[in-house]
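Worksheet: one structure, shown below.
The values are calculated or read from the model by the stated rules, or taken from the named source; none is laboratory data. Just so we're clear, the structure is a prediction, and the values are computed from it rather than from any experiment. Glycine also receives a Cβ, built like all others from the backbone with ideal geometry; neighbour counts cover every protein chain displayed. Accessible surface is based on the protein model in full, side chains and every heavy atom, while ligands, DNA and RNA are left aside. Shrake-Rupley method; radii C 1.70, N 1.55, O 1.52, S 1.80 Å.
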Amino acid sequence: MPQQSKTWLLRLLYPSNPMRKVMYDRFGDEQVLAVREQPTPTIASNQLLIQVKAASINPLDWKIYRGEMKLMSGSTFPKGVGIDFAGIVSQVGAGVTGYRSGDAVFGFLEVFTGGALAEYVVVTEATIAPKPANISFDQAAALPVTGLAALQIVDQLAAVGPGQEVLINGASGGVGLFAVQLAKQRGARVTAVAGPAGLLRATQLGADAVVDYTKQRLSQLPQRFDVIIDLSDKLAFKAARPLMKPRATFVSMLPSPLGLVGAFFHNLFSGRKHQILILKPTAAGLRVLAALTEQQLQIPVEKVYDLASVQQAYQETSQGKIKGKVVVVID
Ligand SMILES: NC(=O)c1ccc[n+]([C@@H]2O[C@H](COP(=O)([O-])OP(=O)(O)OC[C@H]3O[C@@H](n4cnc5c(N)ncnc54)[C@H](OP(=O)(O)O)[C@@H]3O)[C@@H](O)[C@H]2O)c1
């Protein structure tokens, strides 16, 4: 059926305006992504309808639409794209107590279902928090996944504390730019590893020393670290081990079943621990991030696209052409 007839049919079936949403019907590169008209969702009594102002791009998005995580995402279609967003509460269910229509909020959707790249999303109170007034919708959308990942790594998996030597490999990316700031706030001395374009940003965010991975091998570093955080997916625990102090922690980001089992048994017998992040996003975590933005947590948004340019946004970001956080505005 031609697109115009489909739109006409949707308007007839759903008298409230249909909304635009990025969707796909098969796994593949960014060419599978399309902006489609869909009925605006309805809410149950414990839910809220959010008008999305901005959603951010995360590497998890393309790992999922390329089919690299189909064990977790399943292979049923159509699927939506995008996990974290910021917007305005449009409707509240009768059982919702903490929010009213018109409130500005930020939050996340279930990682493997996604769908934040849309004009409206449906959430519960457990996955949103009030948007801090001192940041824009673009900045708030850039915060949930990468900010919560950094918080979980720094405070829980690595328990970074004062005086520790911390190496962050991939410090100029989405998670890295928050991890650098949080580790510094916890009183650590941070060595940031990034490509040439990201070194200045890492220094601006507080890194004490920077290493350009295109010029220097990590194995040549003279110092030993209490914590090594690999955000590049390129540093294996075995390669990091010689850089670790005897009771150091290594954190990596790929929670494969085999990797998790291997790390569990390794940690039973070794002083040098291997932790793997499995993101556990919570509204409480969002509130901690919101409070941190009021204490100078910086949220640099590197580039902003509109919804119509979504394929270009994913192509450029996934090819590493843009360093740091990228946001899509839903206008
Ligand atoms: N397990 C979980 O629950 C979970 C949750 C959130 C994120 N993640 C994963 O965590 C990873 C990081 O996320 P992100 O949003 O920070 O990604 P990102 O924005 O793409 O950042 C990746 C970083 O790695 C750096 N890098 C690339 N090649 C490198 C190398 N050879 N040596 C050192 N650094 C290198 C990049 O630097 P340049 O740009 O300068 O090259 C960039 O700073 C992704 O794989 C993501 O999927 C996992």
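Computed from the C-beta positions of residue 256 and residue 322, the FRET efficiency with R₀ = 35 Å rounds to 0.85. Each other residue within a Cβ distance under 13 Å of residue 243 adds +1 if Lys or Arg and -1 if Asp or Glu, for a net charge of +3.
Restricting the trypsin sites (Lys or Arg not before Pro) of region 25-67 to loop positions (DSSP other than H, G, I, E, B) with no more than 16 neighbouring Cβ atoms within 10 Å leaves 26, 66.
Which value, in Å², gives the accessible area per residue of region 146-276 when a 1.4 Å probe is used on the protein heavy atoms?
Result: 45 Å² of accessible area for each residue.
Within the chain, DSSP assigns beta bridges of which about 55% are antiparallel (rounded to the nearest 5). For region 13-82, the set of GluC sites (Glu not before Pro) satisfying both a DSSP loop assignment and a count of at most 15 other C-beta atoms within 10 Å is given as 68. Computed extension length for residue 156-residue 266: 37.7 nm, one decimal, from 0.36 nm per residue of separation with the Cα-Cα distance subtracted. If you wrap the tightest convex hull around every Cα atom of the chain and split its volume per residue, you get 136 Å³. One compactness figure for region 146-276 is 0.96, namely its Cα radius of gyration divided by 2.2 N^0.38 Å.
Legend: calculated FRET efficiency, residue 76 to residue 31, from the Cβ-Cβ distance at R0 = 22 Å, rounded to 0.05, equals 0.60. Note on region 146-276: with neighbouring protein chains present and a 1.4 Å probe, carbon and sulfur make up 58 percent of its accessible heavy-atom surface.
Calculated FRET efficiency, residue 223 to residue 298, Cβ-Cβ distance, R0 = 30 Å: about 0.70 to the nearest 0.05. For the chain, the longest principal axis of the Cα atoms and the long axis of helix 283-294 meet at an angle of about 70 degrees. A straight chain from residue 308 to residue 100 at 0.36 nm per residue would run longer than the Cα-Cα distance by 71.9 nm. Solvent-accessible area of region 41-116 (1.4 angstrom probe, protein heavy atoms only): carbon and sulfur portion equals 52 percent. On the principal axes of its alpha-carbon atoms, region 248-294 has extents of 41, 23, 14 Å, going from largest to smallest. For residue 31, what is the net charge nearby, where nearby means another residue's Cβ is under 13 Å from its Cβ and Lys, Arg count +1, Asp, Glu -1? Charge balance near residue 31 sits at -1. About the centre of its Cα atoms, region 23-82 shows a dipole size close to 100 debye [charges on the beta carbon of Lys, Arg (+1) and Asp, Glu (-1) only; nearest 20 debye]. Axis angle, to the nearest 10 degrees, between helix 257-269 and the longest C-alpha principal axis of the chain: 30 degrees. The separation of region 51-94 from region 264-326, counted between C-alpha centres, amounts to 14 Å. Stokes-Einstein diffusion for region 131-207 at 4 °C, viscosity 1.567 mPa s, with a Kirkwood radius from C-alpha pairs, works out to 103 µm²/s. For residue 166, the shell of other residues with beta-carbons less than 10 Å away shows a net charge of 0, using +1 for Lys and Arg and -1 for Asp and Glu. Each Lys and Arg adds +1 at its Cβ and each Asp and Glu adds -1 at its Cβ; summed about the Cα centre, region 146-276 shows a dipole of about 320 debye. Dipole of the chain computed with +1 at Lys/Arg Cβ and -1 at Asp/Glu Cβ about the Cα centre; of 107, 94, 295, farthest Cα towards the positive end is 295.
Taking every alpha-carbon pair under 8 Å whose residues sit at least 6 apart, the chain reaches a relative contact order of 17 percent. For the chain, the dipole from Cβ point charges (+1 on Lys and Arg, -1 on Asp and Glu) about the Cα centre works out to 780 debye, to the nearest 20.
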